[in-house]
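These notes are about the structure you will find just below.
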Amino acid sequence: MRRILIIGAGQSGLQLALTLRDHDYDVTLMSAKTPDEIRGGWVTSTQCMFADALAIERKHGLNLWDDVAPAAGGQGVSMPGPDGERALNWLGAWEAGTAQSIDQRVKMPVWLELLEERGGNVIIHGVTTADLNSLAHMYDLVIVAAGKGELVQLFDRDASRSPFTKPQRALSVSYVHGTEARPETPGNVDVWVNLVPGIGEHISIPGYTLSGPCQILYVSGIPGGPLDAFADRPPAHEQFRRHLELFKQYLPWEYERYRNAEITDAKGVLIGGYPPVVRHPVGELPSGGLVLGMADVVVANDPVSGQGANNAAKCAEVYLTSILEHGEKPFDREWMQSTFDTYWDYARHVVRLTNTMLMPPPEHIQKILGFAQTNQKVANRFANGFNNPPDMAEWFFEPEKAEAYLESVA
């Protein structure tokens, strides 16, 4: 039986560990925290997962929250005009299926416990490069799935695929209860993207947290701008109060929805920011042993496009398939690079979409967003591009393709 060590207890690491156990691999997963420590910790992300990523979980029987999680049916877009009223306000339907967001403080502890129930070895211990150097020879394959900490330094930045060297957004998140429904879409459950040109973005995401259904308030501010107002890391209630003040000024329709809401819990907030980066997938230990990076370790996008958990699920599925197909052959450098290249064939479209969203929209994208206001086909295709980013390459990024598409649906 082949022995595999996975470092990291997030979406990608746990998903891969659980699915490898389904095929009787000897799997050891190392987590820096116990299930109870994760449950009692801070929120870590917004983790909205779209239909294709959720289908992977359902395929493996890991969809444990379908009966309680809000199911978002579409993605709206709003943008204020010069007078403060909405110049854009439209909703695209997710034709492939609904989306959901499960607080990782809910999801990952259950998956950790499930891994042990299914015969996986779970070790609670933070891992350094020195630790890994002494452990690696005991396993046929070592995978690093922990996107933060010392081990990331094993993987060199790929400058040809990483145009940014600094964070492009200052991020802040509040989980809240008591948000009011949108008056223009009563009864709907949707993700909503608010674009504030030159300042940043706000995305409203229906979610499920420790205390039940909630709304996840995500603010993405251009560094140094008015939405970059949380560097002092205020307490949860103060952070949400500042969010409300910003909404009152820049997104008054969102202020009306959130003004009577309350923070879900004292640790239901998140502040951060990091430069988007693509790294080389093979890391070399001091001993000469090789380790393979996955998901955020090797492709870390800004969260503005909501792709993190989706990428993790899809990366884990690619790696699972590659491991199963490789049989008893050695997991050498060539295999590691080839496995990542298969994932990159998908992930490159995500990187392009995310990096495009971080920049001021060129004229043809402004035209697309405006066209969607009166053309439901365009609105739906834009929304579905977040579930299936490769489709964006067919019509969204380049002016000629965009013009041809818009003419075809006019």
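Residue-by-condition table, conditions (1) over 23 Å from Gln307 (Cα atoms); (2) of a type in the set (A, V, I, L, M):
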| site | (1), (2) |
| --- | --- |
| Ser338 | no, no |
| Arg348 | no, no |
| Val351 | no, yes |
| Pro360 | no, no |
| Glu363 | yes, no |
| Gly370 | yes, no |
| Asn380 | no, no |
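For the range 19-33, which positions are among the hydrophobic types (A, V, I, L, M, F, W, C) and open to solvent by less than 20 Å² (accessible area, probe 1.4 Å)?
Of all residues in the range 19-33, those among the hydrophobic types (A, V, I, L, M, F, W, C) come to 20, 27, 29-30, 32.
Scanning the range 19-33 gives Leu20, Val27, Leu29, Met30.
Taking into account only those residues within the range 279-303 that are out of contact with any Leu (no Cβ under 7 Å at 6 or more places or on another chain) and β-branched (Val, Ile, Thr), which is surrounded by the fewest Cβ atoms within 10 Å (Cβ to Cβ)?
Val298
Would a scan of the range 133-140 turn up a residue that is touching a residue at least 60 places away in the same chain (Cβ under 8 Å), at positive phi and over 21 Å from the mean Cα position of the chain (by Cα)?
No - not one qualifying residue is present in the range 133-140.
Name, by its number, the condition in (1) crowded, with 23+ Cβ neighbours inside 10 Å; (2) aliphatic (A, V, I, L, M); (3) in a strand (DSSP E or B) that does not hold for Leu16.
The number of the failed condition is (3).
Hey, can you tell me all the residues within the range 1-58 that are closer than 24 Å to Asn384 by Cα and among the hydroxyl-bearing types (Ser, Thr, Tyr)?
Ser12, Ser45, Thr46
Looking at the range 251-266, I want the residues that are in contact (Cβ under 8 Å) with a residue 40 or more places away in the chain and have a partner that is assigned to a helix (DSSP H, G or I) and open to solvent by 20 Å² or more (accessible area, probe 1.4 Å) with Cβ atoms under 8 Å, at least 6 apart or on another chain. Which pairs are those?
Tyr258/Leu244; Ile263/His237
Please go through the range 254-274 and give me each residue that is touching a Lys or Arg at 6+ places or on another chain (Cβ under 8 Å) and at pLDDT below 95, ordered by number.
The one that is touching a Lys or Arg at 6+ places or on another chain (Cβ under 8 Å) and at pLDDT below 95: Gly273.
Is it true that Val173 is in contact (Cβ under 8 Å) with a residue 12 or more places away in the chain, open to solvent by less than 20 Å² (accessible area, probe 1.4 Å) and within 21 Å of Ala93 (Cα to Cα)?
Numbers: in contact (Cβ under 8 Å) with a residue 12 or more places away in the chain: yes; open to solvent by less than 20 Å² (accessible area, probe 1.4 Å): yes; within 21 Å of Ala93 (Cα to Cα): no.
No, not satisfied.
Kindly indicate which of Lys377, Lys401 is surrounded by fewer than 16 Cβ atoms within 10 Å (Cβ to Cβ), more than 28 Å from Met108 (Cβ to Cβ) and touching a Phe, Trp or Tyr at 6+ places or on another chain (Cβ under 8 Å).
Lys401
Which of the following residues is in contact (Cβ under 8 Å) with a residue 40 or more places away in the chain, farther than 28 Å from Asn133 by Cα and touching a Lys or Arg at 6+ places or on another chain (Cβ under 8 Å): Leu358, Leu353, Leu406?
Details: Leu353 fails: touching a Lys or Arg at 6+ places or on another chain (Cβ under 8 Å); Leu406 fails: in contact (Cβ under 8 Å) with a residue 40 or more places away in the chain.
Going through Leu358, Leu353, Leu406 in turn, just one is in contact (Cβ under 8 Å) with a residue 40 or more places away in the chain, farther than 28 Å from Asn133 by Cα and touching a Lys or Arg at 6+ places or on another chain (Cβ under 8 Å): Leu358.
Taking the stated definitions as given, is Gly283 assigned to a loop (DSSP other than H, G, I, E, B) and farther than 30 Å from Gly178 by Cβ? Before the answer, list the steps.
Numbers: assigned to a loop (DSSP other than H, G, I, E, B): no; farther than 30 Å from Gly178 by Cβ: yes.
When the stated conditions are applied, Gly283 does not pass them.
Going through the range 147-170 one residue at a time, which ones are open to solvent by less than 10 Å² (accessible area, probe 1.4 Å) and of a type in the set (Phe, Trp, Tyr)?
Phe155
Hey, which of the strands (runs of 3 or more DSSP E) in the range 34-146, taking only ones fully inside, have at least 1 residues that are over 27 Å from Leu292 (Cβ atoms) and open to solvent by 30 Å² or more (accessible area, probe 1.4 Å)? Lay out the reasoning, then the answer.
Details: elements: 74-80, 86-93, 121-124, 141-144.
Passing ranges, in order: 74-80, 86-93.
Pairs needed: first member in the range 332-345, at positive phi; second member anywhere, open to solvent by 30 Å² or more (accessible area, probe 1.4 Å) and of a type in the set (D, E, K, R); C-beta distance under 9 Å; at least 6 residues apart or different chains.
Sorted first by the residue in the range 332-345, then by its partner, the list stays empty.
The values are calculated or read from the model by the stated rules, or taken from the named source; none is laboratory data. Keep in mind that this is a model prediction, so the values were computed, not measured. Note that each Cβ is placed from the backbone with ideal geometry, even for glycine, and that neighbours are counted across all protein chains shown. Heavy atoms of the whole protein, side chains included, go into the accessibility calculation; ligands, DNA and RNA do not. Shrake-Rupley method; radii C 1.70, N 1.55, O 1.52, S 1.80 Å.
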